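*Asks:* Sharing a structure below in structure tokens format, with a few things to ask.
All of the numbers you see were taken from the coordinates with simple rules; none came from a lab. Because the structure is a prediction, the values reported are computed rather than measured. Cβ atoms come from the backbone with ideal geometry, glycine included; neighbour counts cover every protein chain shown.
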Amino acid sequence: MKWFFIGIALSVFLISCKRPAERRSKSDGIEEKIDSLIGLMTFEEKIGQMQQLHFSQSVSDSLFNLVRKGQVGSFLNADSLELRNKLQRIAVEESRLGIPLIFGRDVIHGFRTVFPIPLGQSASWNDSLVKAAARIAALEASSQGIDWTFSPMMDIARDPRWGRIAEGCGEDPYLTSIMGIAMLQGYQDDLKNSSSLVACGKHYVGYGAAEGGRDYNTTLIPETELRNVYLPPFKRFIEEGGLTIMSAFNDLNGTPASGNEFTLRQVLRNEWNFNGFVVSDWNSMPEMISHGYCKDEYEVALRSIVAGVDMEMVGNAYYKNLYSLVKNGEITERLINESVRNILRVKFKTGLFDQPFTEVEKQPFLKSVYLETARKLAEESCVLLRNDKNVLPLNERISHIAVIGPLADANLDQLGTWSPDGRPEETRTPLLALKEIYAEKIVYAKGLENSTDKSEKGFSEAVTAANKSQVVILFLGEGALLSGENHSRAYLRLPGAQVKLVENIAATGKPIIVVIMAGRPLILSDIERNADAILYAWHPGTMGGPAIADLISGNKNPSGKLTVSFPRFEGQIPVYYNHRNTGRPASKLNTGITAGDPVNPVNAAAAYLDLDYTPAYPFGYGLSYTTFEYSDLTVSADTISMNDELKVSVVVKNTGKYNGSEIVQLYIHDRYASLTRPVKELKDFKKIALEPGESKRIEFYLTKDKLGFYNQSGQFIIEPGDFEVFAGKNSFDVLNARFYLK
Ligand code: GLC
């Protein structure tokens, strides 16, 4: 019953997300205010605005003096409200012009209430819930004096070896755009109250294409791929009012992203009219020396300011060199003024001049409606990959359940990467939550100390627990420390002795439910034969335990679907759904091959001799406890002209015995074009709820802007021709129809 009232509170909360307007940023007259301020600023004060420093107590006195002299524009990671207000008071009351500081922090998937990692959130396909989570993150973070978050990360990632795949929303540009906008709106709200957080679209651009999945590695991306795959989420972010962009670490086609005039000035400013500011990534400007693009920090400052980076994170190439660059006539002060204007504009827009200080709030964290949102999002993020013999949900008559594994009660791991403000002691683990439901029916054995533990000394206790039970729930995966930045992995199986643990438990003959916590797709081939069910929970955050327990017990029905393809083995990477057809496409002839057992080729195709070419689990895939049937895909016309709208509809029926939610996906394929196009492109989706036996006709509308692409000369074009349209439960299992665009 308690959850019922919390559920009501949740919906009321979602409506009343706005706190009383304490900060009013005057949208009119900002440019005039900037003009007058710029006119008063000394050169040093201008350079100061372009410098973001990392607050470390060790050098606090000198930092306070720099602030007093107006020579700092921003801090990141000032990790207390009193420190933040102390620095702000110096800036506003003791510096000559009183320009407020802007305080940034990585609030990536929650603050004290930690939500699932973004890759998990995206698997909910529920952008309104993702927005609500971002709003809560903003409420909690802003209460601690944070004005700006370095989120959403919108890097398209097709390589699970890359640890930062955890921070994005998967392999599809459309879904990433939808989720990125949801986070932007949740953070920035309407910028009119003190709980808004300035959002930051990162990492601009192409960082997720790091060769070999090795973080910080080279990216080689043709302009057409850049414009059709990697840039679209950022374009939508700007169109929806995103105020800051972070330039990335990667070498993009020979020009580092933090010195790349094409992306930062030609595209971002000239084509998209972005008028917020660009911050570099941590030290990414001086790293252009290591890239072999700049000979020294003097050239770093020159290349960065000419390219269009407004604020330098942590390095001080600007601080030390911009004056000389102007004095030597290499740049004009106009370029500096432009950057300062961009920074001041954001500070005005977010109301920092009107209300620079943060009042102390009592109990701003972990409110019950926040925890309920976190539970709901964790529940909707979980993806049911396997459920043989319908072993899930657990039969309520069951009397003994073994809970085993290093991630059943792992408070820190469950929070995932980039959760610096989450507190492990506030994590609700699956063990805790399952005990609340099943009490003494639960027999627990850890089996392994942590996800990389190689010792088998805990196996006998685990096997004993399994023998005492009627079903085993195994919590496996990768610890949080194996995920995130600078955590690329070439071996994607379950680490440590986890596979052996599964084999030992399987020898007992008990049904096995595997729950995986991870920050990326893992290779599950080693455990598939021993698992009756696999539930993928990602790193589910503070309320992951109750969410997983609700799904396992059947209180809730899984509805999540993958936003990234799962490879069968590392050798298959990259594998993604929106690939091109090639001149010799793979087919059913290239499937059903036993891994590692080469067959004679029966066809010439883009495939393997020794592995089924299809992914282990495709983009858009996820099971439910019920079943859904698709039928009667119809299009409103066989031929449409450019200004027509094509209605596409499909009937979806719940053919099982549970209430369930289904994510209906709509894809297109432009069959012949002046540029080869992906075999499928996600263009819309709807998450619907159906009772057993209920069916609905789901309607989508395709307009020409969804049928176009960027051509070789960088123009967005829509070409007449044959199109296929698909509707279905995932990127493989679809119905299709055709239409002609005149
Ligand atoms: C890091 C990351 C970036 C983060 C920044 C500040 O190196 O690349 O995503 O926002 O530095 O912590």
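*Asks:* Roughly how many nanometres apart are two label points built 7 Å out from the Cα toward the Cβ at LYS327 and GLU44?
*Replies:* The answer from the label model is 1.3 nm.
*Asks:* Quick one, what does Rg over Rh come out to for region 376-506 if you take C-alpha atoms and the Kirkwood Rh?
*Replies:* Working: Rg = 15.3 Å, Rh = 15.9 Å.
My calculation of the ratio gives 0.96.
*Asks:* Continuing with the same structure: For TYR658, project a label point 7 Å along Cα to C-beta. Then give me every residue of region 355-390 with its amide nitrogen under 15 Å of that point.
*Replies:* Correct set: 379-390.
*Asks:* For q = 0.07 Å⁻¹, what log10 I(q)/I(0) does the chain give under the Debye formula with an equal point scatterer on each alpha carbon and no solvent?
*Replies:* -0.51
*Asks:* Shifting gears a bit: For VAL107, what residues show an amide H to amide H distance below 5 Å, using hydrogens built from the backbone and excluding near sequence neighbours?
*Replies:* Excluding prolines and chain starts, which carry no amide H, the hits are PHE150.
*Asks:* Taking every alpha carbon pair in region 481-637, what does the distance histogram look like in 10 angstrom bins from 0, in percent?
*Replies:* Percent of pairs per bin, in order: 8, 29, 35, 21, 6, 0.
*Asks:* Still on this model: Would you please calculate the Kirkwood hydrodynamic radius of region 283-360 over all C-alpha pairs and express it in Å, rounded to one decimal? The partial results should precede the final answer.
*Replies:* On the way: mean 1/r = 0.0727 Å⁻¹.
About 13.8 Å, per the Kirkwood formula over Cα pairs.
*Asks:* Under a point-charge model restricted to the Cβ atoms of Lys and Arg (+1) and Asp and Glu (-1), what is the dipole moment magnitude of region 603-656 relative to its Cα centre, in debye to the nearest 20?
*Replies:* Values: 2 positive and 7 negative charges, 34 e Å.
Dipole of region 603-656, to the nearest 20 debye: 160 debye.
*Asks:* Expressed as a rounded percentage, what relative contact order does region 176-304 have, with Cα pairs under 8 Å and six or more residues apart?
*Replies:* Working: 184 pairs, mean separation 30.0, N = 129.
Once normalised by length, the contact order is 23 percent.
*Asks:* Can you sort LYS46, LYS347 by how many other beta carbons sit within 10 Å, fewest first? Each step should come with its number before you reach the end.
*Replies:* Values: LYS46 23, LYS347 27.
Starting with the residue having the fewest Cβ neighbours, the order is LYS46, LYS347.
*Asks:* Still on this structure, I have one more. Over region 664-727, one equal point on each Cα, no solvent: what is log10 I(q)/I(0) by the Debye formula at q = 0.14, 0.16, 0.28 Å⁻¹?
*Replies:* Cα-only, vacuum Debye calculation for region 664-727: -0.49, -0.60, -1.29.
*Asks:* List every residue whose amide H lies under 5 Å from the amide H of ILE401, counting only residues 5 or more places away in sequence or on a different chain, with H placed 1.01 Å from N in the peptide plane.
*Replies:* When sequence neighbours closer than 5 places are left aside, the close amide H contacts are ILE442, VAL443, GLN470.
*Asks:* Within region 717-737, name every residue whose backbone N is under 11 Å away from a label modeled 7 Å from Cα of LYS706 along the Cβ vector.
*Replies:* 725-727
*Asks:* Just the C-alpha atoms of region 56-207: what Rg/Rh do they give, with Rh taken as the Kirkwood radius? Don't jump to the answer; show the numbers that get you there.
*Replies:* Working: Rg = 17.0 Å, Rh = 16.3 Å.
Result: Rg/Rh = 1.04.
*Asks:* In nm, to one decimal, how far is the ASN486 label point from the ASN555 one, both placed 7 Å along Cα→Cβ?
*Replies:* If labels sit at ASN486 and ASN555, their model points lie 4.0 nm apart.
*Asks:* Which value, in debye to the nearest 20, describes the size of the charge dipole of region 579-669 about its Cα centre when Lys and Arg Cβ atoms bear +1, Asp and Glu Cβ atoms bear -1, and nothing else is charged? Walk me through the intermediate numbers first.
*Replies:* Details: 6 positive and 9 negative charges, 18 e Å.
Rounded to the nearest 20 debye, it is 80 debye.
*Asks:* In sequence order, what are the phi-derived ³J(HN,Hα) couplings for region 687-700 according to the Karplus relation 6.51 cos²θ - 1.76 cosθ + 1.60 with θ = phi - 60°, rounded to whole Hz, with x for glycine and proline?
*Replies:* My calculation for region 687-700 gives 9, 10, 9, 9, 7, x, x, 7, 9, 9, 8, 9, 10, 10 Hz in order.
*Asks:* Related question: Taking the Cα atoms only, what angle lies between the long axis of helix 297-307 and the longest principal axis of the chain, rounded to 10 degrees?
*Replies:* The angle comes out at about 80 degrees.
*Asks:* Please turn the phi angles of region 517-532 into ³J(HN,Hα) values with the Karplus equation 6.51 cos²θ - 1.76 cosθ + 1.60 (θ = phi - 60°), one per residue in order, whole Hz, x for glycine and proline.
*Replies:* Result, rounded to whole Hz: 10, 6, x, 6, x, 9, 7, 9, 4, 6, 10, 3, 5, 9, 9, 7.
*Asks:* May I pose another question? So how far, in whole Å, is the C-alpha centre of region 521-570 from the one of region 62-93?
*Replies:* Using only Cα atoms to place each centre, the spacing works out to 44 Å.
*Asks:* Further, regarding this structure: Taking a label point 7 Å from the Cα of ILE289 along the Cα→Cβ vector, which residues of region 302-322 have an amide N closer than 11 Å to it?
*Replies:* Within reach of a label on ILE289: 316-317.
*Asks:* Among SER95, THR42, ASN316, flag the residue with its Cα farthest along the positive direction of the charge dipole of the chain, charges on Cβ as +1 for Lys/Arg and -1 for Asp/Glu.
*Replies:* Value computed over the given set: SER95.
*Asks:* Considering just Cα atoms, how many Å³ per residue does the convex hull of region 589-705 enclose? Walk me through the numbers on the way to the answer.
*Replies:* Working: hull volume 17.7 nm³, N = 117.
Taking the convex hull of the Cα positions in region 589-705, it is 151 Å³ per residue.
*Asks:* Using modelled backbone amide H atoms (1.01 Å from N, in-plane), which distant-in-sequence or interchain residues come within less than 5 Å of LEU522's amide H?
*Replies:* none
*Asks:* Something else about it: Could you give the C-alpha radius of gyration of region 123-208 expressed as a fraction of 2.2 N^0.38 Å, taking N as the number of residues it contains? Intermediate results must be reported in sequence, preceding the final value.
*Replies:* Values: Rg = 13.0 Å, N = 86, 2.2 N^0.38 = 12.0 Å.
Rounded to two decimals, the normalised Rg is 1.09.
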